[in-house]
Amino acid sequence: MSKRKTYSKEFKEEVPVLATRSGITQVAQDLGVHPNMLYVWKRQQEQQTDKAFPEKGNPTDQEMTRLQKENARLKARGRDTKKSCRYLSGPLRERYYVIKQLSEHFSIKTLCKVLGCSVSAYYSWKNGEYGKL
């Protein structure tokens, strides 16, 4: 199995220019490139002048991947918020237990902010300085 040929961005930008002068078939034969590739490169250059010929991967694929990661992160944040909302109106003791359980996954500062209690009060409770709540 032969290794796939890769061409530089500069090469892909100059070849369609040469093809318009000398003809696609002739340039493709001279360079050892399939004529269909020249048509593809020419179309990419016309449609996406600034994003044509990225070094690695397709820019739309990279953008889609980034958006999918962002979407998953926001969904997870929404689920976590929904889970903790039922504890917002409960007694402080219940909120502190929730913070203690979730502290392996989230920062205590964030949990205290979401659940509406102070960080110092949580640590006082955790260290037993708070008495019975």
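With the requirement that a residue be within 20 Å of Arg73 (Cβ to Cβ) and among the aliphatic types (A, V, I, L, M), what does segment 102-124 give you?
Selection gives Leu102, Leu111, Val114.
Looking only at segment 80-91, decide whether some residue is over 30 Å from Lys5 (Cα atoms), more than 29 Å from the chain's Cα centre (by Cα), modelled with pLDDT of 75 or more and among the aromatic types (Phe, Trp, Tyr).
no
The values are calculated or read from the model by the stated rules, or taken from the named source; none is laboratory data. Nothing here was measured: the structure is a model prediction, and the numbers come from that model. Quick reminder, even Gly has a Cβ in these numbers, built from the backbone with ideal geometry, and neighbours come from all protein chains shown.
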